[in-house]
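The values are calculated or read from the model by the stated rules, or taken from the named source; none is laboratory data. Quick caveat, the model's predicted, so the values are computed rather than measured. Ideal geometry is used to build each Cβ from the backbone, glycine not excepted, and the neighbour counts take in all protein chains shown. Accessible surface areas use protein heavy atoms only, side chains included; no ligands, DNA or RNA. Shrake-Rupley method; radii C 1.70, N 1.55, O 1.52, S 1.80 Å.
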Amino acid sequence: MKKQQQNSGDRALDAILRPKLWDEFIGQNTVKRSLRIMLDSAKKRNAVCDHILFFGPSGVGKTTLASLIADELSGKITQTSGPAIKKTGDIAALLTNLEENEILFIDEIHRMNKQVEEMLYPAMESQKINLIVGKGISARNLELKLPRFTLIAATTKPSLISSPLRNRFGAINHLDFYEDKEIQQIIRRSSDLLHIKIQLPATEILAKASRATPRIANRILKRTWDLAVVNDLNEITKDLAQESLRILSIDKFGLEWADRKLMESIIKKYQGGPVGIQTLAAALNEERETIEQVYEPYLLKIGFLERTPRGRIATPTAKEYFS
């Protein structure tokens, strides 16, 4: 029960921290500028906004941008995910229940099955779907018209989206990792919203350990504030921030236990590589997808890891750090 209450409390805090206005959304300036032009044009023409695809690492703002777009256009949004849409009947129910100008947001769209994906094609192009009613020789095709809607999709693996589906999006935007200064801005904004006092050196330490990701920055900030509360402190200091990272087993680069285990395996067990991803997954007892989606993107960004045709290689920088 206590764990459920804590999770519920964290979700409530996450809702508070999520930007509600465009000016509150920090970073991703190129994407925001492109979206603003697209939205303003659609509103001036009184036209439905074209379909939008976001791709990039987890926690960089794809869902938040979808919500901001919905607020800008109609205030209505239906959210789901690729794995949740298992049958063509599921997507048909979602589409037919949409209201005029509503946003349909599908997260992890790369995990939708092919039959569902094919039903989306006519819906995206001409606001209609085709259903087969009946069986055998009595079966007939039923065409249903849909209200005007905008599909916003998000994925961490754009290469797994088929070309026919990808080509039906009018805008494809890449959301990248954040700069350190942007993460510091996000931490300061979040601390103000949560009425947390935090010193500038502590902000810098937490930002550097946040893996260039706003979601992680907010999580570390909340756990560090928990430590301050437990110790009857009314401010997050540099020393408290460092102690919090030690307790969370996060180093100054934001690497956690699993990241270090992966890098140490490559360096010590496989002499720095190259080592194949399947071999690495077996050695770590991890799913290949977890390594590729959770650990590798940030390790590649900070220059600790290289992907080659022969396998993964630890860079000289990584070898020096882990020695």
Original post:
Given the structure, is LYS261 open to solvent by 60 Å² or more (accessible area, probe 1.4 Å) and either modelled with pLDDT under 90 or in the same structural domain as SER58 (by the TED database) (or both)?
Top reply: no
**OP:** Please report, ordered by residue number, the helices (runs of 4 or more DSSP H) entirely within the stretch 144-227 with at least 2 residues that are among the polar types (S, T, N, Q) and open to solvent by less than 50 Å² (accessible area, probe 1.4 Å).
**Re:** 180-193
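Out of curiosity, is GLY303 open to solvent by less than 40 Å² (accessible area, probe 1.4 Å), free of Cβ contacts under 8 Å to residues at least 24 places away in the same chain and within 23 Å of the chain's Cα centre (by Cα)?
For GLY303, the condition - open to solvent by less than 40 Å² (accessible area, probe 1.4 Å), free of Cβ contacts under 8 Å to residues at least 24 places away in the same chain and within 23 Å of the chain's Cα centre (by Cα) - is met.
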Original post:
Quick check: is even one residue across the stretch 83-96 open to solvent by 50 Å² or more (accessible area, probe 1.4 Å) and either outside the structural domain of LEU53 (by the TED database) or modelled with pLDDT of 90 or more (or both)?
Top reply: yes
Original post:
Just wondering, is there one or more residues in the stretch 24-35 that are acidic (Asp, Glu) and assigned to a helix (DSSP H, G or I)?
Top reply: yes
Subject >> Filter result (under 24 Å from GLU182 (Cβ atoms), modelled with pLDDT of 90 or more and surrounded by 15 or more Cβ atoms within 10 Å (Cβ to Cβ)) within the stretch 35-58 >> reply: LEU35, MET38, LEU39, ILE52, LEU53, PHE54, PHE55, GLY56
Subject >> strands (runs of 3 or more DSSP E) enclosed by the stretch 71-134 - at least 1 residues per element that are within 18 Å of SER162 (Cα to Cα) >> reply: 77-81, 102-107
**OP:** Give the residues of the stretch 231-241 that are in contact with a helix residue (DSSP H, G or I) (Cβ under 8 Å, 6 or more places away or on another chain) and either surrounded by fewer than 17 Cβ atoms within 10 Å (Cβ to Cβ) or not in a helix (DSSP H, G or I) (or both), sorted by residue number.
**Re:** ASN231, LEU233, ASN234, GLU235, ILE236, THR237, LYS238
